[in-house]
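Novice: Submitted below is the structure of interest, expressed as structure tokens.
Just so it is clear, none of the values below were taken in a lab; they were calculated from the coordinates. Just so it is clear, the structure is predicted and the values come from calculations on it, not from any experiment. No Cβ is skipped: glycine too gets one built from the backbone with ideal geometry, and neighbour counts run over all protein chains shown.
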């Protein structure tokens, strides 16, 4: 059974600092997703990583994937308060079949950025 | 706004009752997924439909059932409700492709409170 683990689960940091959230998963997958959730809100798609060595960047966020290590990272550069949220990684297990793709989510990392 | 709609937004009911949650996917999406988010269990996949057919099942209780209709909207039925069923229920949709990103887009959620 696929397990997805994030760390840290809670992260409090100051504006302007850099930090990384880690996402480890236990079985082979070729699709990894990062989502953002604001308190009481829905999940917003941030990145989709499909292949080993994939790197995606949007603003101050950069995500990467190492399928051999079964590890993805979400790096925050020069954090700003607006990035405060909970970040989830999610992995689609197994071989892809058309019309069948559940996601297994990590526990989420609650990020608080203080001015 | 992801384009996925869910109704109702909030639902308060009593133990033993039955409720129906409704989801309309984004235009063009054939896959609908249901997830449950609670403090103790995190985000858990419940069930997925593709073009009217059940395609994947997760940790869905026997008291819960779902279906996807010909117009592709989906309903999640929860019966014999217990206090522990109180959670945020999300619907997500995707095109359902076997290749590419096939990102799941999440609706705003239905917050269910069982008293």
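Novice: I'd like to know how the stretch B:28-70 sits against the 2.2 N^0.38 Å rule of thumb: what's its Cα Rg over that expected value?
Specialist: Normalised Rg, Cα atoms only: 1.21.
Novice: Return the average number of partner chain Cβ atoms within 10 angstrom of each residue Cβ along peptide A:31-44.
Specialist: 4
Novice: Still on this model: In whole percent, what relative contact order does chain B give with Cα contacts below 8 Å and a gap of six or more residues?
Specialist: The value is 37 percent.
Novice: So what is the relative contact order for the stretch A:11-74, in percent, with contacts set as C-alpha pairs under 8 Å and at least six apart?
Specialist: Rounded, it is 32 percent for the stretch A:11-74.
Novice: Per Stokes-Einstein, at 37 °C and 0.692 mPa s, what whole-number D in µm² s⁻¹ belongs to chain B, with the Kirkwood radius over Cα pairs as the hydrodynamic radius?
Specialist: Rounded, D is 233 µm²/s.
Novice: Over its Cα atoms, what ratio of radius of gyration to 2.2 N^0.38 Å does the protein assembly as shown give?
Specialist: Cα Rg divided by the expected 2.2 N^0.38 Å: 1.01.
Novice: Let me ask something else. What per residue convex hull volume, in Å³, do the alpha-carbon atoms of the stretch A:10-108 yield?
Specialist: Convex hull of Cα atoms, per residue: 103 Å³.
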